[in-house]
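Okay, structure first, notes after.
Throughout, read-outs are computed from the coordinates displayed, never taken from laboratory work. Small disclaimer: the values here were computed from a predicted structure and weren't measured. Cβ placement follows ideal geometry from the backbone for every residue including glycine, while neighbour counts extend to all protein chains displayed.
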Amino acid sequence: MGEQPVDRDTASEIQEFMFREALALDERRFRDWLAMLTDDIRYEAPLRVIREGLAVWDLSPTSRIFDDDRQTLEVRIQRLETDFAWAEQPPSQTRHFVTNVLADPGDNPDEYEVRSNCLIYRSRGTSPTPSLYSLSRKDVVRRTEDGWRLARRWAAFDQALINAHNLSILI
């Protein structure tokens with residue numbers, strides 16, 4: 001994290017970008033969401049493990065739930081746009097609640113490190129039982145000529161056991 005605080009205007013722009021990015025996912029505007037990503041995006045979620053005693057880590061240093069780049073995210077979106085995304089039949093309805101957005105200067109001049117919490121509500125079809133996912137996120141957003149772009153998403157689920165038959169949504 002940088003040493004200088006982020007000015008209010010920049011912090012407000014970053015927060016609005018984060019909210020609009022979540023809205024694109026909730027409205028299933030996946031192509032719009034892809035346009036919010038940089039070409040060198042890294043999108044990962046480490047696996048949470050249960051350790052006993054004084055474990056050194058509770059997030060796996062090597063195992064990932066997601067470990068995507070631009071190409072694999074595009075493939076995921078292409079699949080969601082077909083009738084072959086059986087894990088998404090019927091499609092999930094999601095609501096991303098993004099809170100506690102804090103931005104700090106990044107390592108590069110036009111990049112900012114953004115920490116946030118995210119609660120995702122997911123319902124499917126006529127199932128009376130929704131799924132809830134609580135995550136801690138560490139993102140890198142980059143100011144470009146075309147506006148803000150997400151360059152990195154690192155998201156850690158708070159639960160070790162995810163209560164879903166599949167995890168085909170975007171976080």
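Computed values, structure above
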item	result
Cβ-Cβ FRET estimate between Glu81 and Asp104, R0 fixed at 41 Å, reported to 0.05	0.70
Value of [θ]222 nm, deg cm²/dmol, for the chain, DSSP H segments ≥ 4, -39500 (n - 2.57) each, nearest 500	-6500 deg cm²/dmol
Under 5 Å, built H, 5+ apart or other chain: amide partners of Ile41	Arg70
Of Glu16, Glu44, Glu145, the one that fluctuates the most in a GNM where the chain has Cα springs shorter than 10 Å	Glu145
Rg/Rh ratio calculated on Cα atoms of the chain (Kirkwood radius)	0.97
